[in-house]
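First the structure, in the form of structure tokens, and then the observations on it.
Where a number appears in this text, it was derived from the coordinates with a stated rule and is not lab data. Bear in mind that the values here come from a model prediction, so they are computed numbers and not experimental data. Note that we place each Cβ from the backbone using ideal geometry, even for glycine, and neighbour counts take in every protein chain shown.
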Amino acid sequence: MITIPATIESISTRKDRTVSLRIGTQELAPDTAGQLLGLQNKLAYVAINAAEFQPSEVEMLLKANDDLTDMGKSSSERLRNTFYVLWKQEDKGFKDFTDYYRHRMENIINLLKTQIK
């Protein structure tokens with residue numbers, strides 16, 4: 001885990017509803033800079049706090065990260081990837097993966113709703 005003081009310099013939204021953050025830091029030690037550069041274009045989990053993280057918070061973040069990931073992917077990413085493979089094998093008439101994904105997710109949500117008492 002890397003913790004560094006930084007400033008959020010800009011925030012922008014994208015067409016696909018994701019958000020882009022531009023973060024500026026003070027001068028970094030070479031090993032820290034190397035760690036950051038190694039994460040370029042890779043999925044990483046980010047925690048932001050207005051104050052320096054306390055040791056108990058760092059411990060909590062490390063545990064949360066372990067709970068969320070399985071070989072570097074969250075459960076939702078793994079599910080989406082599984083749907084993609086299924087769609088590639090048999091598209092069931094869906095020409096667009098996004099439509100297929102929404103349809104399959106809606107089916108699962110409706111199935112789970114029937115189990116709510």
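Using only the C-alpha atoms of the chain, find the volume of their convex hull and express it per residue in Å³. Could you put the intermediate results ahead of the total?
Values: hull volume 21.4 nm³, N = 117.
So the per-residue hull volume is 183 Å³.
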Review point. Which pairs, out of 15/73; 63/113; 63/88; 42/63; 63/95, put more than 32 Å between their alpha-carbon atoms?
Key: 63/88; 63/95
Revision key, fill the gap. Highest mean packing first, using Cβ neighbours within 10 angstrom, the peptides 81-93, 31-43 sort as 81-93, 31-43
Check your understanding: Taking the chain as a Gaussian network, Cα atoms linked when under 10 Å apart, which of 23, 11, 48 shows the biggest mean-square fluctuation?
Key -> 11
Revision key, fill the gap. Residues 96, 16 in order from fewest to most other beta-carbon atoms within 10 Å are 16, 96
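Can you show me the helix-derived [θ] at 222 nm for the chain, built from DSSP H runs with n ≥ 4 at -39,500 (n - 2.57) apiece and divided by the number of residues, rounded to the nearest 500.
Values: 4 runs with 55 residues, N = 117.
Rounded to the nearest 500, it is -15000 deg cm²/dmol.
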